[in-house]
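The values are calculated or read from the model by the stated rules, or taken from the named source; none is laboratory data. Everything quoted here is computed from the prediction, not taken from an experiment. Because the Cβ atoms are built from the backbone with ideal geometry, glycine has one as well, and the counts that use them run over all protein chains shown.
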Amino acid sequence: MIRTESRARSAALGAGLAVTEAARAAADRAVPYGAAIPRRAEDVTPRWLADAVGVDPRSITSVRVIEHDSGTAARARLGVTSDGELPATLFCKLPPRNYLQHVLMNVFRLGSKEVAAYRALGEEPPVRVPRCHAAQEDPLRRRAVLILEDLAPTATFRTCVDTVTVTEARAVVDALADLHAAYWNTHRFTGDLAPLARRPAAEVRLGDLIRRRFLGGITGHTADLVPAEVKRQCRIFYERSSAIDAFWAGEPQTLIHGDPHPGNLFFEADSPGFLDWQIACAGPGVRDVAYFLTASVDPAMLRVVERDLVDGYVRRLDDRGIHLDPGRLWTLYRAAVTEWFLAAVCTAEAGDRMQPLDVSRVGVERAVAAVTAHDSFELLASLVDGG
């Protein structure tokens, strides 16, 4: 009875957040004027852009949209005519055009988190990211905007169906170690990084509801890829979410990207960089490593090289004065591969609203291969129980 009442309270809390943010997004669309931040790329004027990036308004004579699309955020390449203060092209991120995606962004503070992440990374980030010319948000409307370096002329990009090479994987793991070392147990999580360290209770509860909805009965187009036992085991994500969160919170915390799959990477020659910091947060660095490798490397190849890659992460941190037990980190890695399973299966269960079906199918195949090889859900349950 107590458990039922607790579940009902959690459902009410999460539903309340969803209703509030749905109303906020609807109002923002109905009354677009009077906002400090544009809602569409077409609304980026020379005067607004100049103010946002801190240059003389007279230095920019025109701004035009070269191309745009929209998913969890709206994205556009902008052509800029100026007196040399700015590059000829810039990349802009704004609230999504789709209403439901807009609500999702508001609910989970995706725009606010990405603004906070770029501000935290600063002028000399420890890893390669697009140069950030402006990062702004409107807390009342929950609008956020980023004006970034346009990487199209210099970088190559991947998709979630691609697999990286072992050399590329090692370079990304090294870069993740550099990122994590820079923020390892930083005091800033109680200061300017607090928005990335705290999750409001309503947000947590709504996340539980979404997990229950998608994992309680895996019936989507990738259901045939998930063994019955794994379908049962993965329910731990909503049945024991608080205990899982508490376990990971007990590990050393750093700034993690949170979503380092191939579609959020770019390469310049052999050097990797990271895009889309919408779910950056405080967490154990090994979660980034496990998520990236599981999502990005062909499973057969990964089983051969992953222990060496994880040990390389330990060595890279050791070189930066952070000393970890390799055996313990390997155990945590094996449990943390469940993070990509959660992301991949929930994405697949949402159908083609989040990713094309062929893309999400590859993600689930890689996720199932990993959790099966490492018996990850049983291990996670053991760790949460103090094992």
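Scan region 25-57 for residues that are out of contact with any helix residue (DSSP H, G or I) (no Cβ under 8 Å at 6 or more places or on another chain), basic (Lys, Arg) and surrounded by fewer than 14 Cβ atoms within 10 Å (Cβ to Cβ) and report the count.
Matching residues across region 25-57 total 0.
Residue 49: at pLDDT 95 or above, under 26 Å from residue 152 (Cα atoms) and under 26 Å from the mean Cα position of the chain (by Cα), yes or no?
No, not satisfied.
Looking at region 80-88, can you tell me whether even one residue there is closer than 28 Å to residue 24 by Cβ and modelled with pLDDT of 90 or more?
no
Which residue, of 278, 253, is among the polar types (S, T, N, Q), touching a helix residue (DSSP H, G or I) at 6+ places or on another chain (Cβ under 8 Å) and buried (at least 22 other Cβ atoms within 10 Å of the Cβ)?
The match here is 278.
In contact with a helix residue (DSSP H, G or I) (Cβ under 6 Å, 6 or more places away or on another chain), part of a helix (DSSP H, G or I), in the same structural domain as residue 300 (by TED's automatic domain parsing) and touching a residue at least 12 places away in the same chain (Cβ under 8 Å): does that describe residue 202?
Yes, satisfied.
Any idea how many residues of region 136-162 are surrounded by 19 or more Cβ atoms within 10 Å (Cβ to Cβ) and not hydrophobic (A, V, I, L, M, F, W, C)?
Summing the residues that are surrounded by 19 or more Cβ atoms within 10 Å (Cβ to Cβ) and not hydrophobic (A, V, I, L, M, F, W, C) in region 136-162 gives 5.
Listed here are the residues, each with its yes/no results for (1) in contact (Cβ under 8 Å) with a residue 60 or more places away in the chain; (2) surrounded by fewer than 18 Cβ atoms within 10 Å (Cβ to Cβ).
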position: 231; (1), (2): no, yes
position: 247; (1), (2): yes, no
position: 258; (1), (2): no, no
position: 263; (1), (2): yes, no
position: 271; (1), (2): yes, yes
position: 283; (1), (2): no, no
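Which residues, taken from region 229-263, are among the polar types (S, T, N, Q) and in contact with a Lys or Arg (Cβ under 9 Å, 6 or more places away or on another chain)?
241
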